[in-house]
Structures are given as structure tokens and as C-alpha cells.
1. Are any residues in the range 89-136 within 27 Å of the chain's Cα centre (by Cα), surrounded by 19 or more Cβ atoms within 10 Å (Cβ to Cβ) and among the aliphatic types (A, V, I, L, M), and if so, which ones?
2. Which members of the range 173-195 meet the condition of being touching a strand residue (DSSP E or B) at 6+ places or on another chain (Cβ under 9 Å) and not in a helix (DSSP H, G or I)?
3. Taking the conditions exactly as written (more than 26 Å from T97 (Cα to Cα), among the polar types (S, T, N, Q) and more than 22 Å from the chain's Cα centre (by Cα)), does S355 satisfy them or not?
4. Taking L261 and the conditions (1) surrounded by 23 or more Cβ atoms within 10 Å (Cβ to Cβ); (2) at pLDDT below 95, which numbered condition does it fall short on, given that it satisfies the others?
5. Starting from the range 135-162, take each residue that is assigned by the TED database to the domain that holds C96 and list its partners that are outside any helix (DSSP H, G or I) and open to solvent by 60 Å² or more (accessible area, probe 1.4 Å), counting only C-beta distances under 6 angstrom and pairs at least six apart or across chains.
6. Out of curiosity, is R390 under 32 Å from the mean Cα position of the chain (by Cα) and surrounded by 14 or more Cβ atoms within 10 Å (Cβ to Cβ)?
7. Answer yes or no: is there a residue in the range 30-39 that is in a helix (DSSP H, G or I), outside the structural domain of L129 (by the TED database) and of a type outside the set (A, V, I, L, M).
8. Name the residues in the range 281-334 that are of a type in the set (S, T, N, Q) and in a loop (DSSP other than H, G, I, E, B), would you?
Amino acid sequence: MLTKHLMRYMTKAISSDVLHNFKRSVAEAKRVVTNSEHTLEIFVSITDPYSYLLLQVLPEIKERYSIQTRLFTVHDKQQGMFPDLEKWQSNSLLDCTRLAALYELEFPPLATYRPKAEFELTPYWGAMLEAEHSDTAVQDMQKIFKQYWQDMPCSLVAKKQNENVSMPLTLFKTIADNEDYLAEQGHYLPGIIKYAGEWYWAIDRLDHLEKRLNKLLHLPSAKTIKYNRQTKSVFTSPLKLKAIADPVILYFSARSPYSYLGLELAVKLCQQYACELVVKPVLPMMMRGMNVPQTKKMYIFHDTKREAKKQGIPYGFVADPLGKTVENCYSLFAMAEAQGKEVAYLLEFARAVNSQGILADNEKGMRIIAQRSGLEWEEAKKELSNQSWRKDVEANMDELNALGLWGVPCFRYQDTVTWGQDRIWVIEQAIQANASSKMRA
């Protein structure tokens with residue numbers, strides 16, 4: 001119990017703005033003392049669609065901030081970091097199709113894309129490793145990726161193909177060294193940027209990098225944020241709609257911090273468009289026998305903090321709800337649902353364990369949450385031993401698997417399905433498209 005009490009305050013401390021700003025100041029002081037240039041370290045994989053989109057926008061970032069880049073070729077995603085890699089990869093193709101459309105970038109139609117076999121990749125790896133140290137590394141990488149993803153001939157790849165020899169072991173070792181460096185620095189994804197101790201994944205987190213560089217470099221473009229369309233376009237529709245018949249469905253885990261943000265945003269979305277929100281709880285990955293490595297946990301924690309801050313959602317005073325706390329949460333869900341209070345109940349629970357440090361593995365914590373959500377405590381307390389929720393949660397997970405997804409939060413509106421709290425804009429677009437079609441009819 002003492003450990004749980006201490007952990008809450010540790011999370012509050014390490015997610016504080018004071019510590020965050022101090023770390024940034026130290027990083028900048030080290031750069032000045034060592035007379036180093038501002039440099040982005042960028043890890044890319046030829047088979048990673050997010051890397052392809054990121055490379056397309058890097059020249060603009062480099063030019064706007066007059067910043068240096070250092071590219072690292074990595075082979076693929078680290079094993080053990082993805083509970084269902086096949087579903088991740090399938091979803092990433094659809095996701096990048098949507099992102100490319102949002103930012104007007106190039107990406108192949110899904111119907112025409114054909115992943116290459118491992119033996120076909122050797123010329124690409126060779127060309128990438130050669131391009132890493134070029135003065136035109138970003139532009140060269142763009143051309144290499146464009147051949148892989150869109151069959152646009154690239155002389156750099158052709159050169160390696162014409163050599164018709166196996167790639168030297170030293171080059172494979174260079175890739176392995178790059179991957180080791182990525183892991184040692186504390187990350188696991190390709191398509192990611194490291195700048196002065198912080199990570200910025202793909203296009204999705206470039207807005208955080210832009211804000212940091214704007215503040216640090218004091219450039220004429222200091223107020224420019226170009227890569228925030230996922231957030232900027234949400235909840236700004238001028239449409240005046242009547243109630244939408246189809247609900248937004250949210251697959252939610254009581255332990256997932258991203259689910260917490262997703263729930264807050266889904267509530268806002270459904271209020272905006274007067275539609276029903278249906279929440280379907282699932283078990284956390286660790287309660288489904290899946291391992292979540294510490295590196296991944298720490299990245300998710302810090303990433304949730306900055307994403308929450310961007311959305312004006314409190315986060316950081318965390319009482320980890322794994323195990324008994326999740327069971328307590330789900331045991332009262334049916335009661336809350338029967339009273340039409342399930343969304344209010346899950347909101348109160350998520351806020352309590354993610355931003356208020358309330359331990360809910362006991363009756364004291366659950367009483368606070370239940371009463372705040374309008375549940376009568378003496379009746380609710382009787383439900384804490386209820387186990388009927390397990391069957392419903394399992395059925396919800398079966399639904400999620402059938403949709404081709406594996407983690408949370410996931411959203412569904414009609415035939416549109418997407419994963420991630422930062423994909424609420426996909427659901428909003430689907431709602432708007434449906435509403436527009438009805439208005440035209």
C-alpha cells in the first residue's frame with residue numbers, strides 16, 4: 001500500500017511542468033557549452049509508412065528552423081513492443097492514407113500497394129545507409145522511399161540493384177547499431193524524431209516540436225504551427241445538426257491513459273453533434289496476458305501528459321488502476337448503465353485515477369467515484385463483488401478483434417473505424433460526411 005501511495009506522487013512530480021522545463025533548460029545549456037548545433041535525430045524504416053510521410057515534410061521543417069538533421073536507418077519495429085504486429089501494420093496503411101489526405105502528401109492507394117519480400121529490401125537498405133551521411137540525406141531518403149512506396153525509379157536504389165551482390169555484413173551491423181542506439185535512447189518506433197532529450201513521433205507529434213522550437217529559436221515564424229490539423233480541425237464545424245441517429249462507439253480500457261483522453265474527447269464530440277456515445281469496456285493488455293515494456297510505458301506516460309495539456313485535460317497525478325481497481329470499475333458499469341449514467345461514471349473514474357491520484361482498489365476510493373457520478377453508494381457497494389461484467393468485456397474484445405484492431409481507445413461510427421485518441425478527427429469527418437449527405441438528400 002505504501003508503494004501505491006508513493007507512486008502517485010512520483011508520477012505527479014515527474015510529469016510536472018517545473019521538471020519538464022528544467023530538463024529542457026539543462027539540455028539547451030549543454031548544447032551551448034559544447035557549441036553544438038540544433039540537430040534532429042531521425043529514425044526511419046523503409047517499410048514504415050509513417051517514416052515515408054515524415055520524410056516528405058522534413059525539408060520544410062529544416063528550412064523553416066535552419067536546423068540540422070541526422071538520419072538513422074533502422075530495419076523494423078522492435079520485437080516485444082507490439083502485441084499484434086500484423087494488425088498494427090494493416091492499420092498503419094489505412095491510417096497513413098488518411099493522414100496523407102489530411103496533409104496533402106503522397107501515399108499509394110491501398111489497392112495498389114504490395115509489400116516487398118525481405119530479399120527485395122537489400123538494395124533499399126544499402127541505398128539508405130549510403131544516403132545517411134550525404135549532405136542531401138533527407139532528399140536522397142525521399143527518393144529511396146518514393147521508389148519503395150510508389151514505384152518511382154531512383155538511381156540510388158538502381159545502383160545497389162546493379163551491384164548484384166549481397167550487402168556486406170558491416171552494413172547489416174550498422175543497421176543493428178542504429179537500432180541499438182534507438183533502444184538505448186529510450187524508444188522503439190521508427191518514423192520518430194529525437195530532439196534534446198524528447199521524442200516526436202511522425203507527423204502526429206510535430207506540433208509539439210514546432211512549439212518547442214518556436215519558443216527556443218525566436219524566429220520570425222515563431223507563431224507558426226503547421227502540423228496540427230488533427231487537432232485544429234476538430235470541433236470547429238459550423239454545421240447545425242439535428243440529433244444524429246447513429247452512435248459513436250468507443251472501446252475503452254480503465255487503465256489506458258489514452259482511453260482517458262479518448263473518452264474526454266468523445267464526450268465533447270458527441271455533445272457537438274448531438275449523438276449518443278456508447279462505451280464498450282475491454283480489459284487492459286496486461287490483464288490479457290500481454291507484456292508492456294518499461295520503455296513503452298514511460299513514453300506513453302510522457303506523451304499522454306503533453307497530449308492532455310494540449311487538449312486542456314488534467315493528467316499526471318496517477319494512481320495506477322491495474323488489477324483490483326479495474327475490476328472495481330467494471331463491476332459497477334452495468335449498474336451505471338442501467339441508470340443512464342455510464343459515461344458520467346467512467347469519466348469520474350478516469351479523472352480520479354489519472355489526474356487526482358485517487359486509489360480505487362478499495363471502498364473509500366470507489367465511494368468517491370460512485371457518488372460523484374450520481375450512483376447511490378450503499379447500492380453500488382453491493383455490486384463490487386459482481387463478476388458478470390467479465391462476459392461483456394470479453395465480448396467487447398471479440399468485437400474489437402473482428403474490426404481488425406487490438407488496443408484502445410478505438411472509435412467506430414457507422415463503417416468508419418479508427419484507433420487512437422488522436423484520431424477523433426476521423427470520426428468527426430465521418431459524422432460530417434453523413435450529415436452532409438442527409439442534407440443533400
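The values are calculated or read from the model by the stated rules, or taken from the named source; none is laboratory data. Note that the structure is a prediction, hence the values are computed from the model and not measured. No Cβ is skipped: glycine too gets one built from the backbone with ideal geometry, and neighbour counts run over all protein chains shown. When the accessible area is computed, the model is the full protein with side chains, heavy atoms only, and any ligands, DNA or RNA have been set aside. Shrake-Rupley method; radii C 1.70, N 1.55, O 1.52, S 1.80 Å.
1. Selection gives L99, M128.
2. Hits for the range 173-195 are G186, H187, L189, P190, G191, I192, I193, K194, Y195.
3. no
4. Tallying (1) surrounded by 23 or more Cβ atoms within 10 Å (Cβ to Cβ); (2) at pLDDT below 95, L261 fails exactly one: (2).
5. Close Cβ pairs (under 6 Å, with a partner that is outside any helix (DSSP H, G or I) and open to solvent by 60 Å² or more (accessible area, probe 1.4 Å)) amount to K146/M152.
6. no
7. Looking through the range 30-39, at least one residue is in a helix (DSSP H, G or I), outside the structural domain of L129 (by the TED database) and of a type outside the set (A, V, I, L, M).
8. N291
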